[in-house]
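Heads up: the structure comes next, in structure tokens.
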Amino acid sequence: MKNFTRQQPLNRKHLNRLMLNKKFHSHLYLFLLAAAILFFNGCGVFSPKTKVSTVTLLKSVDAAQPQLVEQINHLAKINSMRAKMDLKFEDNSYAELGIAEKYKTADGEVVVQRPANILLKVQVPIIKTDVAQMSSDGAKFRVAILEDGGTGKYKKFVLGSNDADYSVLREEVNRMDFDGNSKELKQNVNAFSSLRPQHFTDAMLMRPVDTANFSYLQSTIFQEEFNTDVRKKSPLARVLRGYYLLDELHKNDDGSLIITRRFWFDRVGGIRLARQQIFDGKGEIESDIVYGATGNLSDTGEYNSLPLRIEVTRPKEKYKMSLTYQSPESVTIGKTYNTDVFVLENRWNLPEVDLDKKIQENSNVQATPKNPKTQARSQ
């Protein structure tokens, strides 16, 4: 009995300790359960009201390089075209500041023919008055500014070479201090030095694939985009779209490679040529051409699945222009035009501005020092 009474307090202490441990574990379990519920509610598992915005990956289809080449050559089979189009211009001179100057849509008539001929007429809608006409025979371009709002200051006939760089004229004008209408004069010369009708021949007359002189490299890329066809709050508002890239590479005499063109093929719902980028000798983008939804051109049934809208961006000249066919079935394709159609004549007797002569004059002025003493010291 003595042993029993001596051990009884020990058992009570042990029992109390067990009860405390049980209560502690019970509280710990409830704490962990509450924490887990809060965590999963934060992740939206138990809360249907919580929506997490994410990018939807669109399903891509596969294609081999011959199929991509076929798409390019399909557009390249157009040798000539005459069409009426809606033209929309956008001035990106101040794009670095987030500003773009947009213009209203104008009517345009375009005639293009291989290898690089173009005649473009721009008209005011409704009254159909020509604002400007421009042409290029592949080597030279001519631009007639026919309307300028009544001031007469901008009515000019401008001549130049397709391959010339007239950026020095813009820089020279920006450095000079003119009396009176300096701002208008600067805008005038800047506009002249940026006009290139041949920018649009590259977009409308696709050059075919040439495996004899170029190499082609295929790759893939995924790009996040905003889907303008759905509401902003739709799950499909932000999508990840797959593209095939086909790079056209030229081998230089020293063995180095340089990119000349890059084609983007949309892989969603099929294979579609969506974009063409043209590069200069330094690998900089000259033209960024986006092709819109496809349809049928002309009423012959031969020219199907061709883009009905073309958007040309010229980063160096800081402008963008979109061309949309007004009546796709009325487009004329395949007719042969005389070459003199693409040499615009100054039949309006406008003041002529020869940009090549201005470049030469500018070079002569720069080569002659203002101070003869400086020239003597340099010798």
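The values are calculated or read from the model by the stated rules, or taken from the named source; none is laboratory data. Every value quoted in this text rests on a predicted model; they were computed, and no experiment measured them. Here Cβ is always computed from backbone atoms with ideal geometry, including for glycine, and neighbour counts include all displayed protein chains.
Brief remarks follow.
- Per-region count, segment 262-299, residues more than 20 Å from MET85 (Cβ to Cβ) and assigned to a strand (DSSP E or B): 12
- If only residues of segment 137-162 that are modelled with pLDDT under 90, touching a helix residue (DSSP H, G or I) at 6+ places or on another chain (Cβ under 9 Å) and farther than 15 Å from GLU352 by Cα are counted, the one that is surrounded by the most Cβ atoms within 10 Å (Cβ to Cβ) is ASN162.
- Enumeration of residues in segment 66-82 that are farther than 9 Å from ILE333 by Cβ and buried (at least 19 other Cβ atoms within 10 Å of the Cβ): LEU68, GLN71, ILE72, LEU75
- Scanning segment 284-305 for residues that are of a type in the set (Gly, Ala, Ser) and out of contact with any strand residue (DSSP E or B) (no Cβ under 6 Å at 6 or more places or on another chain) turns up ALA293, GLY295, GLY301.
- Single condition ILE359 does not satisfy, out of (1) closer than 28 Å to ASP91 by Cα; (2) in contact with a Lys or Arg (Cβ under 8 Å, 6 or more places away or on another chain): (2)
Residues checked against (1) surrounded by 11 or more Cβ atoms within 10 Å (Cβ to Cβ); (2) acidic (Asp, Glu):
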residue	(1), (2)
ASN213	no, no
ASP229	no, yes
SER234	yes, no
VAL239	yes, no
ASP247	yes, yes
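- Subset of segment 264-292 (residues that are aromatic (Phe, Trp, Tyr) and under 17 Å from PRO307 (Cα atoms)): TRP264, PHE265, TYR291
- Complete set of residues in segment 337-379 that are at pLDDT below 85 and either assigned to a loop (DSSP other than H, G, I, E, B) or at positive phi (or both): THR368, PRO369, LYS370, ASN371, GLN379
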